[in-house]
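Remarks on the structure that follows.
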Amino acid sequence: PPLAGASPGALNPFDRRLKRKQKNWAALQAEPAKCDYLREEVGGRIADRVFDITRTFPLALDVGSGRGYIAQHLTKETVEKLIQVDIAENALKNAIESEIPTIKVVADEEFLPFKEDTFDLVVSSLSHALCVCVLQIHQVLKPDGVFIGAMFGGDTLYELRCSLQLAELEREGGFSPHVSPFTAVADLGHLLSRAGFNTLTVDTDEIQVNYPGLFEVMEDLQGKYILCMGESNCSWNRKPLLHRETMLAAAAIYQEMYGNSNGSVPATFQIYYMIGWKYHESQAKPAQRGSATVSFGDLAKIEGLLKRGKK
């Protein structure tokens with residue numbers, strides 16, 4: 001039902017119908033675990049951030065859960081009950097086992113079917129819909145609830161994108177995006193703040209994978225990594241295919257510009273991690289401006305003060 005209203009536009013850069021087909025197709029591929037290495041790694045890092053919060057969460061929500069890449073790293077001592085939401089029913093059917101009691105819900109992440117103030121914790125890993133649904137995530141969180149998420153950063157696959165663009169400009173006189181657009185880190189703080197989150201934390205990390213060449217990168221992205229994760233390019237202005245001559249030119253450019261000394265080529269995945277809290281009266285508040293009793297300019301004097309104290 002929500003998918004029927006999806007249409008091209010600035011507020012909805014992705015074709016959600018195609019996204020659903022991609023993720024359903026990917027979940028049915030043989031041995032999906034072979035292409036889940038990045039999602040499992042990021043899911044583990046999100047779980048580490050959950051463990052850093054010294055409390056137990058009675059009810060948690062995983063937005064865009066896929067096969068349960070975060071849940072497999074969590075424990076029932078930290079999360080007592082988990083609801084997994086994904087647009088692709090096949091991904092939920094093939095979910096990884098977890099010790100946490102879970103409920104699986106098929107729904108578009110952009111239209112969360114939950115009441116306000118429901119969850120103590122919301123997590124999300126590498127979901128394209130994350131930027132669109134942060135306001136809904138804030139709504140379904142209880143006061144003093146926390147949201148912990150991860151998404152691809154703007155420098156993800158920059159080697160591949162640059163090589164394809166240069167090759168298309170040379171061979172076809174123009175270029176079209178072949179990888180879904182990603183968010184800039186400068187926009188995340190504004191996005192979370194406007195959604196109502198406070199006490200924000202945003203950090204970035206990079207994961208680099210080496211391949212024999214561009215064709216192996218494309219194969220992994222299309223047939224293993226990207227499509228098996230259901231994260232192939234689904235922007236409205238995507239181009240359906242690449243010509244053979246363009247691909248050969250892109251492979252040469254990739255090797256020349258980014259090739260390693262051993263003949264392999266790198267593919268970089270930039271990951272943004274974010275933490276935001278829903279306001280509650282019990283939360284610590286920043287001190288009023290001008291109420292400080294010590295100046296940062298006095299830091300240079302600390303060593304001298306310590307020596308005097310010893311004497």
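Each peptide among 123-134, 139-150, 182-193, 286-297 gets the average number of other Cβ atoms lying within 10 Å of its residues, and from highest to lowest they stand as 123-134, 139-150, 182-193, 286-297.
Label sites at Val106 and Glu303, each approximated as a point 7 angstrom past Cα along Cα to Cβ, lie 6.7 nm apart.
If the limit is 24 Å between Cα atoms, which of Lys81/Lys285; Lys115/Lys285; Lys76/Lys104; Lys93/Lys278; Lys104/Lys142; Lys285/Lys307 go over it?
Details: Lys81/Lys285 30 Å; Lys115/Lys285 28 Å; Lys76/Lys104 17 Å; Lys93/Lys278 32 Å; Lys104/Lys142 20 Å; Lys285/Lys307 35 Å.
Over 24 Å apart, Cα to Cα: Lys81/Lys285; Lys115/Lys285; Lys93/Lys278; Lys285/Lys307.
The string of couplings for region 260-269 from the Karplus curve (6.51, -1.76, 1.60, θ = phi - 60°) is 7, 5, 8, x, 7, 10, x, 10, 9, 10 Hz, one whole number per residue in order, with x for Gly and Pro. Rg then Dmax, both in Å and based on the Cα atoms of region 56-139: 11.7, 31. A Förster radius of 41 Å, combined with the Cβ-Cβ distance separating Asn260 from Asp144, puts the computed FRET efficiency at roughly 0.30. Between amide H atoms placed 1.01 Å from N, distances below 5 Å from Ile271 occur with Gly153, Asp205, Glu206, Ile207, all of them 5 or more places distant or on a separate chain.
Label separation (Phe51 vs Arg161): 3.3 nm, computed from points 7 Å beyond Cα along the C-beta direction.
Stretched out straight at 0.36 nm per residue, the stretch from Asn210 to Tyr279 would grow longer than its current Cα-Cα span by 20.6 nm. Amide H to amide H, which residues 5 or more places from Gln84 or on other chains are under 5 Å from it, using H placed in the peptide plane? The list, which skips near neighbours in sequence, is Asp62, Ile103, Lys104, Val105.
How big is the dipole moment of region 242-311 about its Cα centre under a simple scheme where the beta carbon of each Lys and Arg is +1, that of each Asp and Glu is -1, and everything else is neutral? Debye, nearest 20, please.
Charge dipole, region 242-311, about its Cα centre: 800 debye, nearest 20.
Compared with the direct C-alpha span, the chain from Thr268 to Leu135 gains 44.9 nm at full extension, assuming 0.36 nm per residue.
Taken per residue, the accessible surface of region 56-148 reaches 35 Å², heavy atoms only and a 1.4 Å probe.
Each of Val294 and Leu248 was given a label point 7 Å from its Cα along the Cα-to-Cβ line. The distance between the two points is 6.8 nm.
The values are calculated or read from the model by the stated rules, or taken from the named source; none is laboratory data. What you see is a predicted model, and the numbers here were worked out from it, not measured in a lab. Ideal geometry is used to build each Cβ from the backbone, glycine not excepted, and the neighbour counts take in all protein chains shown. The accessibility values were calculated without ligands, DNA or RNA, using every heavy atom of the protein model including side chains. Shrake-Rupley method; radii C 1.70, N 1.55, O 1.52, S 1.80 Å.
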